[in-house]
């Protein structure tokens, strides 16, 4: 599997380029472009939240806690005092860093259910729903945020599969096929929970009509082509 630095670097480059594209074609403003790049990087390291090695696992959840805390603080109503904002941000960080981290440590196996396309879609739904309901983003921006998380997540899985191929020895390592999979069919209970969660979260996602219309419109890709050149 690719190491942490590789995942972080590739996710940063990929999400940065795509966020720049969204900015230049007028999908988002500069602030939201920076947000998209950040959540893309976050998506690029999310599959490793099931790591059971103490040091990298704590780093991942510390980063996740910081990102979630800052997203909330910068999206909070201005009538809150500075002390209230600091306290809420700290509380969110501590909640992600310790209880959520402990939950993943106890109930996940590395390259198990978390390393799957279904979970990438699950985090997409979570990111879109949170962005819309808690961070007051428009439905279109909320879905863009979810898409960047999803693409970063998928990029991580693809990198893991690439690193499972020994190109010099012309062989596949035993880890090949354990990252980029639809579900973890060996963990039937976990897969069932993921499916139920996807169905449940769908009802909390924002209206996707504008997002789908934009992505399927020929004019969108003509505009992208024009701006690229």
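Points to keep in mind about this one:
- For the pair residue 13 and residue 62 in one chain, pulling the backbone fully straight at 0.36 nm per residue adds 15.5 nm over the alpha carbon distance.
- Which of 216, 20, 205, 6 has the fewest Cβ neighbours within 10 Å, and the rest in rising order: 216, 20, 6, 205
- Using R0 = 25 Å, the C-beta based FRET efficiency linking residue 210 and residue 158 works out to 0.30.
- The label point for residue 217 and the one for residue 138, both projected 7 Å from the Cα toward the Cβ, are 1.1 nm apart.
- Added length on full extension, which subtracts the Cα-Cα distance from 0.36 nm per residue, residue 34 to residue 189: 52.1 nm
Read-outs throughout are calculated quantities, based only on the coordinates presented, and are distinct from any laboratory measurement. Everything numeric in this text was worked out from a predicted model, so none of it was measured. Using ideal geometry, Cβ is built from the backbone for each residue, glycine included, and neighbour counts are taken over all protein chains shown.
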